[in-house]
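Here is the structure we will look at.
The values are calculated or read from the model by the stated rules, or taken from the named source; none is laboratory data. Keep in mind it's a predicted model, so treat the numbers as computed, not measured. In this analysis, Cβ positions are derived from the backbone assuming ideal geometry, glycine residues included, and neighbour counts consider all displayed protein chains. With ligands, DNA and RNA removed, areas are computed over all heavy atoms of the protein, side chains included. Shrake-Rupley method; radii C 1.70, N 1.55, O 1.52, S 1.80 Å.
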Amino acid sequence: MREVKIVATGSYVPEKILTNDKLSEVIDTNDEWIKSRTGISKRRVSINENTSDIATKAAMDAIYKSDIKVEDLDLIIVGTATPDCYTPSTACIVQKNIGAVNATCFDISAACSGFIYAVNIACEFIKTGSAKKALVIGAEVLSKILDWNDRGTCVLFGDGAGAAILSSSDKSGIMAIYTGSDGSGENLLKCNAASLGINNNSLSIMLNKDKYEENNFLTMEGREIFKFAVRIIEESIKKLLEMSKLNMDDIDYIIPHQANLRIIDFVSRKLNIDKNKFFVNLQDYGNTSAASIPIALNEMSRKGLLKKGDRILMVGFGGGLTWGGAIVKW
Ligand code: COA
């Protein structure tokens, strides 16, 4: 069996910044409520780029930083809950955009756990020799499926994309990885068949104070998701440490799914883990679902926070219900 390592990361977020104050102009909310309940100050929203557009930009960022030619990629997996359309897959559109003509391409649907799920699948392809170099992307334009009249959900999320290139290696980079699901929680975080085209972006409609179109938007049982999140992060951390035969002192950083600062604080207190071990950037981007972990990983790399040999524990959770985590040696 071959081992797998991450050779490059990339990310892209849309230019438009939507602050809590700006949101307060269009819905009944305020900066103090959002910050104190979630830690979020602002988020990015896409005005005219769809998921494949931002996924492509994140992919190119990772490819530029690697010494890999696009023709060498033999697998592209996009984790997304907000594809451009029902078919073709976002991964196929990214393939066309970047010219990765030798890749097999598909999307996977695991909501906010999508990146970890996609990395896990790519690892299996590489370990068994079915692929050598894989591009894994988490990308979301959540703004198109949010109900911008529902202050209980719309303040939480943002748009963005993150990418990682995985390659076979002699030494292990990905030390442990696992995923899990519980469909009995299907109704806790759900989006029925919403319109996926960017022209239907409900935020644009809201901001232009035009007619507000009916859509099947994202719905969420916030308190239940909160309880699930804190339980499953704890469980995932313990499981990953057990799988890798490491303990918390061996871990340099934890990248949790960037959903809510209160969830992270709760876990840090419960497990008695130094808060500084958790990388947090949700204040700038909100919850970008499948994109949150790779955006965070790329930001850490760009800021020079990661040294060779550092051990990073990533943990994701979301709709489905789904969850998963990985320990990566940098
Ligand atoms: N601005 C102002 N007030 C708001 C608001 C907003 N954006 N959203 C809700 N409120 C109000 C509610 O109407 C309610 O008012 P009431 O008491 O007069 O009825 C009050 O705030 C409390 O609402 P509640 O929904 O009970 O708040 P909460 O303390 O549970 O916090 C969340 C709500 C969403 C922040 C919290 O449940 C949470 O973080 N859940 C996890 C969500 C998550 O991470 N999802 C993604 C997972 S991948």
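Mind listing whichever residues of segment 274-325 are assigned to a strand (DSSP E or B) and farther than 23 Å from T51 by Cβ? If the condition is that a residue be assigned to a strand (DSSP E or B) and farther than 23 Å from T51 by Cβ, then F278, R311, I312, L313, V315, G325 are the ones that fit. Can you pull out the residues in segment 268-317 that are farther than 21 Å from S41 by Cα and within 15 Å of the ligand (Cβ to nearest atom)? Within segment 268-317, M314, V315, G316, F317 qualify. Does D67 satisfy the condition of being at pLDDT 95 or above and charged (D, E, K, R)? So D67 fails the test.
Restricting attention to segment 272-289, the residues being of a type in the set (V, I, T) and in contact with a Cys (Cβ under 9 Å, 6 or more places away or on another chain) number 1. Could you tell me whether segment 10-30 includes any residue that is crowded, with 16+ Cβ neighbours inside 10 Å and in contact with a Pro (Cβ under 9 Å, 6 or more places away or on another chain)? Yes: segment 10-30 contains one or more residues that are crowded, with 16+ Cβ neighbours inside 10 Å and in contact with a Pro (Cβ under 9 Å, 6 or more places away or on another chain).
For segment 108-123, which residues satisfy the criterion of being open to solvent by less than 20 Å² (accessible area, probe 1.4 Å) and more than 12 Å from the ligand (Cβ to nearest atom)? Listed by number, the residues that qualify are F115, I116, A118, V119, A122, C123. Within segment 31-47, being open to solvent by less than 50 Å² (accessible area, probe 1.4 Å), out of contact with any strand residue (DSSP E or B) (no Cβ under 7 Å at 6 or more places or on another chain) and within 13 Å of the ligand (Cβ to nearest atom) holds for D31, I34, T38, G39, I40.
Being open to solvent by less than 20 Å² (accessible area, probe 1.4 Å) and of a type in the set (A, V, I, L, M, F, W, C), is that true of even one residue in segment 301-311? For segment 301-311, residues open to solvent by less than 20 Å² (accessible area, probe 1.4 Å) and of a type in the set (A, V, I, L, M, F, W, C): absent. Residues in segment 81-107 that are within 16 Å of the ligand (Cβ to nearest atom) and open to solvent by 20 Å² or more (accessible area, probe 1.4 Å): A81 only.
Among the residues of segment 124-151, those that are in contact with a strand residue (DSSP E or B) (Cβ under 7 Å, 6 or more places away or on another chain), open to solvent by 10 Å² or more (accessible area, probe 1.4 Å) and touching a residue at least 60 places away in the same chain (Cβ under 8 Å) comprise K127, K132, K133. For segment 130-149, a tally of residues being outside any strand (DSSP E or B) and closer than 22 Å to I77 by Cβ returns 7. Screening C191 against (1) at pLDDT 95 or above; (2) open to solvent by 20 Å² or more (accessible area, probe 1.4 Å); (3) not basic (K, R) leaves a single unmet condition, (1).
Residue check: is F228 hydrophobic (A, V, I, L, M, F, W, C), under 21 Å from the mean Cα position of the chain (by Cα) and open to solvent by less than 50 Å² (accessible area, probe 1.4 Å)?
Numbers: hydrophobic (A, V, I, L, M, F, W, C): yes; under 21 Å from the mean Cα position of the chain (by Cα): yes; open to solvent by less than 50 Å² (accessible area, probe 1.4 Å): yes.
So F228 fits the description; yes.
In segment 152-165 there is no residue matching the filter, namely being at pLDDT below 95, crowded, with 22+ Cβ neighbours inside 10 Å and either more than 15 Å from the ligand (Cβ to nearest atom) or part of a strand (DSSP E or B) (or both).
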